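The structure under discussion appears below in the form of structure tokens.
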Amino acid sequence: MDHKQVSHAILMPVCAASRWTAERYKAEAERRRTLRAERKPLVRDARKALAVARKADPERTKPGTHKAERELRQAQRAVPDPMWLFTAKTAAVVGAAGYVGLPHVPESVWLWSAVAVATAIVGAVVVAVVLAARQPKGLVPTAEERQLLQRLAPEHWREHAEARGLAGTLTGRPELTDAGIVTDVRLDGTWTAAKLRTAADHVRALLGCRSSLRMEIKTGERGGWAVITLRTRSAADGDDLRWSPSARTFGIDTITGEHVTVPLGERLLIAGRSGAGKSVASRPLLFDASDGPTNALVILDLKMVEGRLWDHRARVASTPADVVAVVAELVEEQTERLAVLPKGQATWRPTAERPRITVVVDEGAEIVTAAKDALEGLETLARMGRAACIDLWWMTQKPTIGDGIPKQIAPQISTAICLAVRTPAEARVVLGEDAQAKGWTADELPAPGVAFVRDGKRKPHPINVRFMDDPQVIALPDEPIWHGPQVAPVISMRKPPEPPAAPPAESTEERVLRVVQGGGGPVRQKDIAEQSGLPKGTVSKVVSRLVAAGRLVRLDDGALTTARTEATA
């Protein structure tokens, strides 16, 4: 029993030391891998720079060439060896030194060397423990965040709130998170979260924060409290937002770091002012809508820019006539699907022959202006297309009801994606009348590439959207292009053009003169009545007027002939 206790007492420190050594080895190996990944590109750049310098100076006489050589050597020295190579080199050096020098070392040197090594190890452990204890726990605030944390402290707020018009409010203890600084605010008297939101400029002045720093003021979890959030950092910082087949999400939540997806089968409204990145941000969604045998994409693009990139994967209509024709095909396809939809089945099940169709209106304001005959069909698709698996996505730079979004389509939207817009009114049109009060402040979003997604499930968290550039879209593989049933041309509801005006009716005088002139000689009055079809009384009156006017001449026998001027004319 005593022997086991002694063995255990000896093995425990040895095992602990072994675990510590293994952990340190892994940590050092990871550190070296990270440094190599960071610094090897610098070596490649230095080699390229040296190659250019040597090409321009093959004799290596110029200072620039020598400088490039020095920079390459410095970059190479900065790249550490991998841990296995470092260990092998160390073992080789120690082995060689021991093989050569150990037989000549006196015993006293061995003794004091062992003491020195043991002392150094103990000292190193003590220093490591002290340094680890001094390391700050959690997130390390930046200089700006330290200043804001100090000014959000209750002591500082209480001292300066009244001078800034914020008397009756008091902050709690601020907290630094992955998404910025968050603090609760107690509201006394007549203060509410909405009133504090209108006093945001006073809050900024008290904190002394920069005007471009995004600040959110929302209702707290309890009555009489609000929450102030300063977005000094993003949970998406450092993430690569370039789209790739392995990174096919819509974007990354800047608050939680969650990868956000927008599923197919939703009626979307995608809005954002010019330059907000609307077209580029929608491309990952267009890829999903055109990917696979059971998905088909239709793009109505009167601007003739974005649709041209997708014409190898989508049916593209780029003229008003084409838009009207394609919409008519879609309505006919919808009607046929709903007519054969089995009893008890709520939605169409996409197949390769009849896939899910996503209809994308690239710029809604252009459709409203230039292709009005297609609006009735698009409104029908918005109301009834979901059951037939024909989904409408409406995109616009002008999110106003009537101009950019038809009144019959806006209420049918189930998911809204809003990038930066110009005014709070536009944000309310896209995200709802309660958008501002609930934190959906799209007019404060930075541009480009940041959006809100409101689908009834998500909170008002800004999303850094992924992007696809033009070469990526063009390089995508081809997909079958959808074509629907041929339908008769759409009859325009516009008022038809007026027919050309009929020539003015021939007067009775002109008719009588025409008969007399065509008679080839004197004509009797009864013959004029027969040939002109006029009543005899009317002919008598007209003849009397023409004779009195000198345009007809009555001969002695009563016949009538034209005057000389009429005859010569």
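Brief remarks follow.
- Count of residues meeting criterion [free of Cβ contacts under 8 Å to residues at least 40 places away in the same chain, surrounded by 14 or more Cβ atoms within 10 Å (Cβ to Cβ) and more than 29 Å from the chain's Cα centre (by Cα)] in the stretch 196-223: 6
- Residue 182 meets all of the listed conditions (1) touching a residue at least 40 places away in the same chain (Cβ under 8 Å); (2) in a loop (DSSP other than H, G, I, E, B) but one, namely (2).
- From the list 399, 411, 485, 424, the one residue that fits, being in contact (Cβ under 8 Å) with a residue 12 or more places away in the chain and more than 21 Å from residue 276 (Cα to Cα), is 485.
- Scanning the stretch 220-267 for residues that are among the β-branched types (Val, Ile, Thr) and either in contact with a Gly (Cβ under 6 Å, 6 or more places away or on another chain) or not in a loop (DSSP other than H, G, I, E, B) (or both) gives 227, 228, 229, 232, 252, 260.
- Single residue of 247, 314 found to be of a type in the set (Gly, Ala, Ser) and at pLDDT 90 or above: 314
- Among the candidates 130, 52, 43, the residue that is of a type in the set (A, V, I, L, M, F, W, C) and modelled with pLDDT under 80 is uniquely 130.
- Among (1) among the β-branched types (Val, Ile, Thr); (2) surrounded by fewer than 23 Cβ atoms within 10 Å (Cβ to Cβ); (3) within 15 Å of the chain's Cα centre (by Cα), the one test that residue 450 misses: (2)
- Counting only residues that are within 18 Å of residue 179 (Cα to Cα) and of a type in the set (D, E, K, R), the stretch 190-217 holds 3 of them.
- On inspection, residue 168 does not qualify as at pLDDT 85 or above, closer than 30 Å to residue 202 by Cα and in contact with a helix residue (DSSP H, G or I) (Cβ under 8 Å, 6 or more places away or on another chain).
The values are calculated or read from the model by the stated rules, or taken from the named source; none is laboratory data. Computed from a predicted structure; not experimentally measured. With ideal geometry, Cβ positions are generated from the backbone for all residues, glycine too; neighbour counts draw on all protein chains shown.
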